[in-house]
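Participant: Got a structure for you, written out below as structure tokens; questions coming shortly.
Quick note: the coordinates plus some simple rules give every number you see, no bench work behind them. These numbers come from a predicted model, not from an experiment. Don't worry about glycine lacking a Cβ; one is built from the backbone with ideal geometry, like all the others, and counts go over all protein chains shown.
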Amino acid sequence: MQPSIAFCTKCRAMKVGWNRRYTMHRLICDRLLRKAAKISNLVILTAVLLLGFPAPSVSVFPANAPQQQIQESGLQASVAPVSPAVRFIDSFLEQHEVRQANRRRLAQSIVTSARKYNLNPRLIASIMLVESGGNQFAISGKDAIGIMQVHLPTWGAAAEREGINLLKIEDNVDFGSRILSNYVRQFGLWEGVKRYNGFIAEDPASEQSADGYVAKVQRIYEIQQPAGSQSALVR
């Protein structure tokens, strides 16, 4: 049977299946097209609403309301509190030179997934630092992708089936944490981390590679914490 061929004006012809070119096409091009269609529909809907409903002529605020009070109340409503756990992981990532642009978003994703899967967020952060250094668009030569370097040949079909965008920080951290938690539950903490790295039992080369990987994660995970910090902040 001849392999199916897909064509994209950007990616050109490619074989359909779990190969790098087709996967990047599905993750980027297809999603961009769907996003463009949604934006177009939103613009049309907004125009209809604006044309169909005239703007009110009466202010929603009393004429004598102090302008400063209105501005302050709006500012207070827009600022969401940040939990101690998120601040802790944000600081942890900053120590390891993760760029500020997405650091708070990444810290929030790590803490959320850690609570969801009963993992220490510092462990998830340590694995992420070894895997990608915080680069959400990282792609390895072994077809692993994103922040947590999810292995496409192993997990790509499940991600596609569940509609998971592996280039999105929240999706990748959650999916990687779920994989990690399953391994930890089956094999224990560090043996589970080995499996996350792709360890194959009774394979000397795989054993050596996995041991080196665990050592890198442990060096980050077990780094001395600032005085006064407590593990309860990151659970």
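Participant: How many nm is it between the label spots at ASN135 and GLU207, if each spot is 7 Å from the Cα in line with the beta carbon?
Facilitator: With each label point 7 Å from Cα toward Cβ, the separation is 3.3 nm.
Participant: Another question, then. How do 138-144, 112-118 rank on mean C-beta neighbours within 10 Å, highest first? Could you put the intermediate results ahead of the total?
Facilitator: Values: 138-144: 14.6, 112-118: 16.4.
Order by mean packing, descending: 112-118, 138-144.
Participant: Output the peptides 159-165, 178-184 sorted from most to least packed, where packing is the average of other Cβ atoms within 10 Å over each peptide's residues. All intermediate terms of the calculation are to be shown ahead of the outcome.
Facilitator: Details: 159-165: 13.6, 178-184: 18.4.
Descending mean neighbour count gives 178-184, 159-165.
Participant: On to the next question. If the chain between ARG219 and HIS96 were fully stretched, how many nm would it gain, using 0.36 nm times the residue separation less the Cα-Cα distance? Please list the in-between numbers first.
Facilitator: Values: separation 123, 0.36 × 123 = 44.28 nm, distance 1.19 nm.
Extending this stretch completely gives an extra 43.1 nm.
Participant: Please find the FRET efficiency linking SER83 to PHE187, where r is the Cβ-Cβ separation and R0 is fixed at 22 Å, and quote it to the nearest 0.05. Mind showing how you got there, number by number?
Facilitator: Numbers: r = 30 Å, r/R0 = 1.38.
The computed FRET efficiency comes out at 0.10.
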